[in-house]
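The values are calculated or read from the model by the stated rules, or taken from the named source; none is laboratory data. These figures come from a predicted structure and were not determined experimentally. Every residue, glycine as well, gets a Cβ built from its backbone with ideal geometry; the counts of neighbours run over all protein chains shown. The area values use the complete protein model at the heavy-atom level, side chains included, leaving out ligands, DNA and RNA. Shrake-Rupley method; radii C 1.70, N 1.55, O 1.52, S 1.80 Å.
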Amino acid sequence: MAEPTHYPELSFESRMDSVEFRIAEQAHIVVDDRICADCSTRGCVVACPANLFVPTAAGGILFNYEQCFECGTCYLVCNEEGAISWSYPEGGHGVVFHRS
Ligand code: SF4
Ligand code: SF4
């Protein structure tokens, strides 16, 4: 059996330094805060590699789309239908990955 691939640890700062964001006017991910208010798992908060989901004191979720890696993880881990509306940003916008 093939050996598993080990990737080096990458700090949050290094991860964010490895990309740039061409921000579209229109959000490509929209989070319905009213549905999040009833969510007990909050999977998006721990799963998003860019830390874009922030629980609020009122029990909701604060979300900003601008620094999104477009990885789709939040959409996969969220188990509340309709909480996340996900699409790709309009052409020429979104994340740009740099070679290290
Ligand atoms: S986005 Fe999904 S996983 Fe995250 S708090 Fe809302 S309902 Fe829960
Ligand atoms: S697509 Fe990835 S980076 Fe963007 S909000 Fe979802 S988990 Fe975070």
>> Skipping prolines and chain starts, which residues have an amide H placed within reach, meaning under 5 Å, of the one on Gly94, given they are 5 or more residues away or on another chain?
In response: Arg22, Ile23, Ala24
> Over the chain, what percent of the accessible surface lies on carbon and sulfur atoms, probe 1.4 Å?
Replying inline: 52 percent
>> Given Cβ point charges of +1 (Lys, Arg) and -1 (Asp, Glu) and nothing else, what value in debye, to the nearest 20, does the dipole of the chain about its Cα centre take?
In response: 80 debye
> Where q = 0.11, 0.20 Å⁻¹, what log10 of I(q)/I(0) comes from the Debye formula for the chain, counting one point per Cα?
Replying inline: -0.39, -1.05
> Heavy-atom accessible area per residue, the chain, 1.4 Å probe: how many Å²?
Replying inline: 72 Å²
> In whole percent, what relative contact order does the chain give with Cα contacts below 8 Å and a gap of six or more residues?
Replying inline: 39 percent
